[in-house]
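First the structure, in the form of structure tokens, and then the observations on it.
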Amino acid sequence: MRLMFTALLLAATPAVAAPAVIQPAAVAASSTFWTYNAQNLINGSGLSGGLHDGNYNNHWMTETTGEPAWLVFDLGKVTRLADIRIWTYNVDFGMGYSLVRGAKDFTVSLSTDGVTFAPATQGTLAKGTGLPLPAQVYALSGDARYVRLDLLNNHGDQWQWTGLGEVRIGAVPEAATWAMMIMGFGLVGTAMRRRRQMAA
Ligand SMILES: [Ca+2]
């Protein structure tokens, strides 16, 4: 009987657990231009089969103030992070001139309470192409509820607009789920043993 439980546990435990994809519950932005609102970063707009389109209705963009651009994503609860997936600004109004509004250098910082943020990683986003575009993925680690993106510059737009297409967070699958399942198997085993003892 114990062997059977072991076999069940082995079958139920994935050998390599892929990160779970988290859609942020809310987002705040340093500024927003016209209909290019920050909701367009978390609502799946423009996403199909993991690729983001080039429709301006599906993007977020700052005002042209030139102020430092930032975004704070709220995951809804403290989550064990694996990565951040960023689909960059992908709107091409012709001649490729608007693609330079895509964010370029960025930093990521993390917080559990939304007040104190600690630096996590940094990177440089490649410019969009206007064609359906995959996410650019950067590894993260640690626990956080709030993920802050500071966008340091763009690809050289003369009006200083800075944009992105969509953002997701990869999370480490919750060990608690497996722990509960293991505990469940244990309880079944105990109950069966007790029943056997009573029958004997
Ligand atoms: Ca979008």
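Taken together, the values in this text are just the output of simple stated rules run on the coordinates, not laboratory data. Given the structure is predicted, the values throughout are model-derived calculations rather than measurements. Heads up, the Cβs are rebuilt from the backbone with ideal geometry, glycines too, and the neighbour counts pull from every protein chain shown.
Equivalent ellipsoid of the range 66-112: semi-axes from √(5λ) of the C-alpha gyration tensor, largest first, are 28, 13, 9 Å. Each other residue within a Cβ distance under 13 Å of Gly50 adds +1 if Lys or Arg and -1 if Asp or Glu, for a net charge of 0.
Cβ crowding within 10 Å, taken as a proxy for footprinting-reagent exposure, orders His155, His59, His52 from fewest neighbours to most as His155, His52, His59. Please state the shape class of the range 18-172: rounded when a/c is under 1.5, otherwise prolate if a/b exceeds b/c and oblate if not, all from the C-alpha gyration tensor. Prolate, because a/c is 1.5 or more and a/b exceeds b/c. Rounded to the nearest Å, what's the spacing between the alpha carbon centres of the range 99-173 and the range 47-98? Just the number, please. If we compute the Cα centre of each part, the gap is 8 Å.
Using a simple spin-label model with pseudo-atoms 7 Å out from Cα toward Cβ, Tyr97 and Val21 lie 3.5 nm apart.
Between Met192 and Gln39, the simple spin-label model (points 7 angstrom out along Cα→Cβ) gives 5.2 nm. Each peptide in 83-89, 115-121, 132-138 gets a packing score, the mean of other Cβ atoms within 10 Å over its residues, and the list from highest to lowest is 83-89, 132-138, 115-121.
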